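Inspection log for the structure reproduced underneath, given as structure tokens.
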Amino acid sequence: MTRNRSAINRPASLCGTWDIISNVNFEGYMIALDINPNIRKIAVRLKLRKMVEQRGDQFIIKTLSTFRNYTVSFRVGQEFEEWTQGLDNRHVKSLVSWEGNKLVCVQTGGKKNRGWTHWVEDDKLHLELYYEGELCRQVFKKNVSE
């Protein structure tokens, strides 16, 4: 069987429904974002679910919980205005691009050094959220009901 060279270099698909299994330094990340202490107490206990869809170069990423939901839709390589409503309620400009097998978002506006990185490794979806020196590492496993 002959393999298509472009398929060999393509990153693993992020698409699907993913349930959180690890959430390291989420509180530190939220403190850096100036999230209210009462909201932080709730947020660290949440079982997050990610739903990732891709249509060509457009991605739709939904972060779902029993407390709040957040949806971001973007095209890879096109800067867009993002309002982080329900998170830290800031207006930022975001630019998402592929860096190797990682989907990387750089956000500008408000405070410096903000963004995130998603990638799949060993059948797990990894997410690193960074903001002003704080790094939160989240790991998700694919929902078995898919």
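The values are calculated or read from the model by the stated rules, or taken from the named source; none is laboratory data. Bear in mind the structure is a predicted one, so any value in this text is a computation, not a measurement. No Cβ is skipped: glycine too gets one built from the backbone with ideal geometry, and neighbour counts run over all protein chains shown. Protein only, heavy atoms only, side chains kept; ligands, DNA and RNA dropped before computing areas. Shrake-Rupley method; radii C 1.70, N 1.55, O 1.52, S 1.80 Å.
Quick notes on this structure:
- With respect to (1) of a type in the set (S, T, N, Q); (2) within 21 Å of S13 (Cα to Cα); (3) free of Cβ contacts under 8 Å to residues at least 24 places away in the same chain, the lone exception for N38 is condition (2).
- Matching residues in segment 12-24 - criterion: being of a type outside the set (A, V, I, L, M) and either in a strand (DSSP E or B) or open to solvent by 40 Å² or more (accessible area, probe 1.4 Å) (or both): S13, G16, T17, W18, D19, S22, N23
- Selection status of L135, at pLDDT 95 or above, aliphatic (A, V, I, L, M), under 25 Å from I21 (Cβ atoms) and more than 11 Å from the chain's Cα centre (by Cα): yes
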